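S.K.: Got a structure here, written out as structure tokens. Questions coming.
Just so it is clear, none of the values below were taken in a lab; they were calculated from the coordinates. Keep in mind it's a predicted model, so treat the numbers as computed, not measured. Here the Cβ is made from the backbone with ideal geometry for all residues, glycine too, and neighbour counts use every protein chain on show.
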Amino acid sequence: MSSSEPHPNLSKRAKGAQSSVIRELLQHAKQPGVISLAGGIPDPDLFPVGEISHAAQQALAEDAGVLQYGLTNGELGTREAASVLMGFDVDPRRVLVTTGSQQGLDLVTKVLVDVGDTVVVGDPSYLGALQAFRSHGAALDPLPVDEAGVDVDVLETRLEAGGSVPKFVYVVANFQNPTGAVLSAPRRRQLIRLAERYGFLIVEDDPYGQLRYDGTAVEPIGLGSDQVVRMRSTSKVLAPGLRVGWTEGPAWLIDAMSVAKQSADLHTSTLSQAVVTRLLMRTDWFETHLATLVGQYRARRDALCSALEATFGTQAQYQRPEGGMFIWARFPGHDMTAQLPQALEGGVAYVPASAFMVSGDRDDWARLSFATQDPEDFLTAAERLAAALQLPGCSIA
Ligand SMILES: Cc1ncc(COP(=O)(O)O)c(C=O)c1O
């Protein structure tokens, strides 16, 4: 049996969830000498290591209970701390602390979706969400995504024509992964109107909202509405290894997710919760820390945009994202999936659009991350990419 074939002892569900070809290829992105624009991860040099260590030491010194089993819903203080990233005062009874927001995506699907139920997603969408939805047998119904986020008009037209009402619509309204798009205020209002009219939920996943480099924040979707389930995470603003996220939503849903969480992991690490709570409650420190992140990532976004501009001119099309970690770029006429092996050989990695697509064909698009690389490397990365695509006048630097 070849190693690419699933083992016969695996369940049907596990057989259907094999690793993608792109994921395998991107293993090469970790090789020395490759400049990776592929990873969707924060820069470890920006983790507040000293503060995390200090908070952990204090928590351990004060109460060994931070190493004890804890409440499935999360410690009360950590549930209350969700307000800091939600942007409004949360009712802790409506909050579940999750092991990263990824677990929230898995649990919400587990408790809402029966095999074959419809879940509406952007096309493209965050791969981890698509995997979670597929693993529970959801039928994905893709909506096009443009500069203003998912196209809610398309959803409205489908619903008016008698199309199936989804169990939920999944949106990353702020700096979507992978497009960097922000869902516009009119579309947010249109979406909540539809959710209330047709009775579906909106799952709003927002790990990047605090990383805004220009412009002003757009009003949250449906504040006060029970049709919205909100997910937040400390991964991009503190450190993903802490694995602390939150889901906020109607009590009936939080209760069901809590029961499902018991069988997944009993509860999220009590020590991580103690660290996160302490850090988020130090509001002055947290604001200063966020300002540092924003300054650093903004400079990297600008450096990558300048490198693309200098190297590709009009041969690359993209919108400068107002926040987040990604540039969604089009290289007209180039099949970015087919080109990936050459690019890796030439010493640069990116993620082709196909990794995030549900049905569409955006062959000549790719996601470029500016989060982890040194800004000084972006020009070399762009030149290597141009050489791999064999653009006239470009050679491997
Ligand atoms: C849109 C989106 N949602 C959720 C996650 C998962 O984050 P967490 O580390 O909180 O599980 C990510 C991670 O990259 C993401 O980009």
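S.K.: Please tell me the relative contact order of the range 49-282 in percent, rounded to the nearest whole number, where contacts are Cα pairs under 8 Å and at least six residues apart. Provide the component values of the computation, followed by the final result.
M.R.: On the way: 408 pairs, mean separation 69.3, N = 234.
This gives 30 percent for the range 49-282.
S.K.: In nm, what is the difference between 0.36 nm times the number of residues separating Glu24 and Asp91 and their Cα-Cα distance?
M.R.: 19.9 nm
S.K.: So what's the back-of-envelope 222 nm ellipticity for the chain, counting only DSSP H runs of four-plus at -39500 (n - 2.57) apiece and dividing by all residues, rounded to 500?
M.R.: On the way: 13 runs with 158 residues, N = 397.
Theoretical 222 nm ellipticity from helices: -12500 deg cm²/dmol.
S.K.: Under the 0.36 nm per residue contour assumption, what length would be gained going from the current alpha-carbon distance of His7 and Ala139 to full extension? Could you put the intermediate results ahead of the total?
M.R.: Numbers: separation 132, 0.36 × 132 = 47.52 nm, distance 2.51 nm.
Result for the pair: 45.0 nm of gain on full extension.
S.K.: Turning to a different aspect of this structure: Viscosity 1.306 mPa s, temperature 10 °C: Stokes-Einstein D of the chain from its Kirkwood Cα radius, in µm² per second? Please report the intermediate quantities before stating the final value.
M.R.: Working: Rh = 22.0 Å.
Approximately 72 µm²/s, per Stokes-Einstein.
S.K.: If I build a Gaussian network model for the chain, linking alpha-carbon pairs within less than 10 angstrom, which residue out of Asp45, Asp153, Asp123 has the largest mean-square fluctuation?
M.R.: Asp45
S.K.: Full-extension gain between Glu62 and Lys15, please, as 0.36 nm times their residue separation minus the C-alpha to C-alpha distance. Before the final figure, lay out the partial values.
M.R.: Details: separation 47, 0.36 × 47 = 16.92 nm, distance 4.66 nm.
Going from the current span to full extension adds 12.3 nm.
S.K.: Let me ask something additional. Below 15 angstrom from the Cβ of Val90, what's the summed charge of the other residues (Lys, Arg +1; Asp, Glu -1)? Don't jump to the answer; show the numbers that get you there.
M.R.: On the way: positive: Arg79, Arg93, Arg94, Arg230, Arg232; negative: Glu75, Glu80, Asp89, Asp91, Glu204, Asp206, Asp226, Glu248.
Overall, the nearby charge balance is -3.
S.K.: Beta carbons within 10 angstrom, averaged per residue: use that to sort the peptides 6-17, 375-386, highest first. Don't skip to the answer; put the middle values down first.
M.R.: Values: 6-17: 10.7, 375-386: 21.2.
So the peptides 6-17, 375-386, ranked by packing, come out 375-386, 6-17.
S.K.: Hey, could you grab the Kirkwood Rh for the range 49-282? Inverse mean 1/r over distinct alpha carbon pairs, Å, one decimal. Don't skip to the answer; put the middle values down first.
M.R.: Numbers: mean 1/r = 0.0552 Å⁻¹.
Computed over Cα pairs of the range 49-282, the Kirkwood hydrodynamic radius comes out at 18.1 Å.
S.K.: Given the peptides 60-72, 336-348, arrange them by the average over their residues of other C-beta atoms within 10 Å, most packed first. Let's see the in-between values first.
M.R.: Working: 60-72: 13.3, 336-348: 19.8.
Ranked from most to least packed, the peptides come out as 336-348, 60-72.
S.K.: Same structure again: Once R0 is set to 35 Å, what does the formula 1/(1 + (r/R0)^6) return for the Cβ-Cβ distance between Glu196 and Gln317, expressed as a FRET efficiency to the nearest 0.05?
M.R.: Values: r = 37 Å, r/R0 = 1.05.
Calculated value: 0.45.
S.K.: Do you know the Lys pair count in the chain for C-alpha distances under 21 Å, with sequence separation 8 or more or different chains? Intermediate values should be presented prior to the final figure.
M.R.: On the way: Lys12/Lys110; Lys15/Lys110; Lys30/Lys236; Lys110/Lys167; Lys110/Lys261; Lys167/Lys261.
Lysine pairs satisfying the spacing and distance rule in the chain number 6.
S.K.: Here's a follow-up. Hey, what do the phi angles of the range 33-42 turn into as Karplus ³J(HN,Hα) couplings, whole Hz, using 6.51/-1.76/1.60 and θ = phi - 60°, x for Gly and Pro?
M.R.: Residue by residue, the range 33-42 yields x, 7, 8, 9, 9, 8, x, x, 10, x Hz.
S.K.: Give me the percent relative contact order of the chain, please, defined on Cα pairs under 8 angstrom at least 6 residues apart. Each step should come with its number before you reach the end.
M.R.: Numbers: 711 pairs, mean separation 90.7, N = 397.
Value for the chain: 23 percent.
S.K.: With springs only between Cα atoms under 10 Å apart, run a GNM on the chain and tell me which of Pro207, Pro186, Pro48 wobbles the most.
M.R.: Maximum among the listed residues: Pro186.
S.K.: Something else about it: Only Lys, Arg, Asp and Glu count, each charged at its Cβ (+1, +1, -1, -1), so figure out the dipole size of the chain about its Cα centre, rounded to 20 debye.
M.R.: Values: 33 positive and 46 negative charges, 119 e Å.
It works out to roughly 580 debye.
S.K.: Which peptide among 170-178, 97-105 comes first, and what is the full order, when sorted by highest mean count of other Cβ atoms within 10 Å? Write out the running numbers ahead of the final one.
M.R.: Values: 170-178: 26.4, 97-105: 24.9.
With the highest mean Cβ count within 10 Å placed first, the list reads 170-178, 97-105.
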